[in-house]
Amino acid sequence: MPIEPKLSAARAAENMGDLEPRYSDQEARVEADRCLYCFDAPCINSCPTGIDIPGFIKKISSDNLLGSARTIFQANPLGASCARVCPTEVLCEGACVLLDRDQQPVKIGRLQRYATDFVLDSGTQVLKSPDVKSGIRVALIGAGPASLACAAELAQLGHEAVLFEKQNQPGGLNTYGIAYYKLTPETSLREINMIEALGVEIRTNVEVGKDVDGAELQRDFDAVFIGIGLGNTHRLSIPGEDLPEVKESLAFIAEIHTQPLHTVPVGECVAVIGCGNTAIDAVTQAKRLGAGSAVIVYRRGKQDMPAYEYEYDLAKLDGCEFMFHTRPVEILEKNGHVAGVRLVRTRAGESGELEDVPGSEFVHPFDMVIKALGQEKMTGPIQALFPDLKLEDGGTIERDFATGLTSIAGVYAGGDGANGGSEVVDAVAEGKRAARGIHEMLTGDKIEGPRQSTRLGAPGKATGAGFDRPVRIPELERTYFESGGIHG
C-alpha cells in the first residue's frame, strides 16, 4: 500500500520541536557562570572556526548579548546554525576542562544559540563591510555553508561576492538536509539574510554548468570558489530499489523542510539503511512523524557505526531500533509498492571481510526504505566545469588546506566537495580560509586570524605550543589539535 501522512498538524509540530529549547535568561546566566574562562582554553583549540568561547560566554555573564553574538559571528558567520548542529560533545564541550574535574562540561552550544538568537530576533547587523570597495569580484559556486562563509569573509574585506545556487533557496544542507528538530529552514535563512546584508549577492535557480559555465566565471570574475557539496546517495544495487517507497535520506529530509510537516508521508514500519549521522537524522524523523517502528539496518556492528554515540543515544530515546550485522538483499514488492525487505545476517570472515551467515535470511515487513549509505562525489560535474582541475584519488578536489587554492590559478575550493564530507563548522572554516587566501592572492595582504583546529589537516599529534591535551572525541575524529600555525 502507498504510505501516507500519520499525524495532525499540531502533533507533528510538537514532535518535531526543538531538540534543546533556547535557554531562558536565568538559565543562560547560571550556565555561563560555570565557565572557568581558561587562559589557553582548549575549547577554542577544538573549534574549527576558532571562536573565542570564554570571551563570548563572559559577555553573556555581564548581560552583553550584542557583544557576545558579535564575538561569535565574527569568527563564524553561521554561528546560529552551528550552535544547533555542531557535534559540540566531541568538539568544544568535549575539550572542556570541567571534564577533568568529573563535572559536566559547560553547555557551549546552547549558550551560543542563546546569544546568536538574540541578534537574529532583534534584526541587529553585527557584521560590517567597509564603505570603500576594492573592486575585486569573486564568483562562488553553490550557496552552502562553505560558500556562505567565504562570501561573508570576502564582503567584510571589501570585495564583491556573487553566489550561484541551483536550488530556489540558499543554505545547502543547512536549509534542506539537517534534521528539522535541530535546525529549521527559517533559522538558516534568517542567518543568510545577515550575510546578504553585507552586500553579498545570491543568484538562486542558476545552475553552473547549465545556465553559466566555468570558463565564463573565470573570465568575468577575479577568482572562483567551488563550494559544491556531494551528490546522490549511493545505490543499494538490489532488486526492488526503484519502488516508490524507497527514498534517499536527504530527499526525505528535504521533504520535511519544504512542505508542511503533517503532509509528509511516512511508512508504518520504516527501514533506514546505514548508520551514519544522516541515517540517525532520518530514522528519528520518521519515528517523530508517526512511524510505528523505525529501524536502522547496518551491516556492521555498533562499534563500527560512523554515527556519534550521542546521536545513537538520541535515536534510542526516540524509540528507534537497530539491526546490526544485517544487510538487505532484496526489497519485496506487492502491487507496485514495498511489501517487505529480505535481509541476511553478516559476520566477519577469517580474512576480516564481512560475509553472509549461511541460512540466516529472513523477511521483515517494512513498508518504507530510506537509503543513508553516504553520498557520491561530484567528480563528473566538477570535471565538466573545470577539465584541468586535479582531483584526489577518492574524487574530492585537490587543494591547499591552508588557502583552498586548487591546481588552477585563481580557483579555490572548500566544503564537502573538497573534504569528502564533514561537519558544517568545518565547511565554514574552509570557506573563511579560502576567502583569506583569495584576498592575499589578489592584494598581497596576509591576514592573521584566530587560531583554528586543524582536525581536517595532517594526522598525528599536534606540536603547537600550549596544547597537547587529548580531546574527548571518537576515533573517527582527530585526537589532538594545534594551538597555532594555521590562521583564518
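Values in this text are rule-based calculations from the coordinates and carry no lab data. Please read these numbers as outputs of a predicted model, since none were measured by experiment. No Cβ is skipped: glycine too gets one built from the backbone with ideal geometry, and neighbour counts run over all protein chains shown.
Taking Cα centre as origin and charging only the Cβ of basic (Lys, Arg, +1) and acidic (Asp, Glu, -1) residues, the dipole magnitude of region 1-44 rounds to 180 debye.
For region 246-371, the Kirkwood hydrodynamic radius comes to 14.9 Å, computed from all pairs of different C-alpha atoms. About its Cα centre, the dipole of the chain is roughly 600 debye, where the only charges are +1 on Lys and Arg Cβ and -1 on Asp and Glu Cβ.
Which of Leu99, Leu317 has the fewest other C-beta atoms within 10 Å, and how do the rest follow up to the most?
Lowest to highest Cβ neighbour count: Leu317, Leu99.
Only loop residues by DSSP count here, and only those with at most 14 other Cβ atoms within 10 Å; note down the trypsin sites (Lys or Arg not before Pro) in region 207-300 that meet that. Answer by residue number: Lys210, Arg235.
Of the GluC sites (Glu not before Pro) in region 280-362, the ones in a loop by DSSP (not H, G, I, E or B) with at most 15 other beta carbons within 10 Å are Glu350, Glu353, Glu361.
Residues Glu376, Glu31, arranged from fewest to most other Cβ atoms within 10 angstrom of their Cβ, appear as Glu376, Glu31. Along the chain, counting only chymotrypsin sites (Phe, Trp or Tyr not before Pro) with a DSSP assignment other than H, G, I, E or B and at most 12 other Cβ atoms inside a 10 Å radius, the longest segment between sites is 40-488. Counting only DSSP beta bridges whose two residues both lie in the chain, roughly 40 percent are antiparallel. Across region 77-201, the convex hull enclosing all Cα atoms gives 116 Å³ per residue. Counting only other residues whose beta carbon sits under 9 Å from that of Ala291, what net charge do I get with K and R as +1, D and E as -1? Local charge sum for Ala291: +2. Note on the chain: dipole from Cβ charges, positive end direction compared against Pro54, Gly214, Ile273; the farthest Cα belongs to Pro54. Here's the picture: charge each Lys and Arg Cβ at +1 and each Asp and Glu Cβ at -1 in the chain, and of Cys38, Ala413, Asn205 the one pushed furthest to the positive end of that dipole is Cys38. Candidate cross-link partners of Lys59 among the lysines, defined by an alpha-carbon separation under 30 Å and a same-chain spacing of 8 or more, comprise Lys107, Lys128, Lys182, Lys432, Lys446.
Projected label points at Asn335 and Glu27, each 7 Å from Cα along the beta carbon direction, are separated by 4.7 nanometres.
The ranking of Arg70, Arg347 by Cβ neighbour count inside 10 Å, starting from the fewest, reads Arg347, Arg70.
Counting every alpha-carbon pair across region 140-286, the share separated by more than 26 Å comes to 35%.
Among the GluC sites (Glu not before Pro) in region 132-207, those placed in a DSSP loop whose Cβ has at most 13 other Cβ atoms within 10 Å are Glu207.
For Val338, nonlocal amide neighbours, meaning residues 5 or more places apart or on other chains whose placed amide H falls under 5 Å from its own, are Glu245. With the largest listed first and rounded to whole Å, the semi-axes of the equivalent ellipsoid of region 303-364 from the Cα gyration tensor are 24, 21, 8. DSSP finds beta bridges in region 246-371, and of those with both partners inside it, around 50 percent are antiparallel.
Against the main long axis of the alpha-carbon atoms of the chain, helix 249-258 sits at an angle near 70°.
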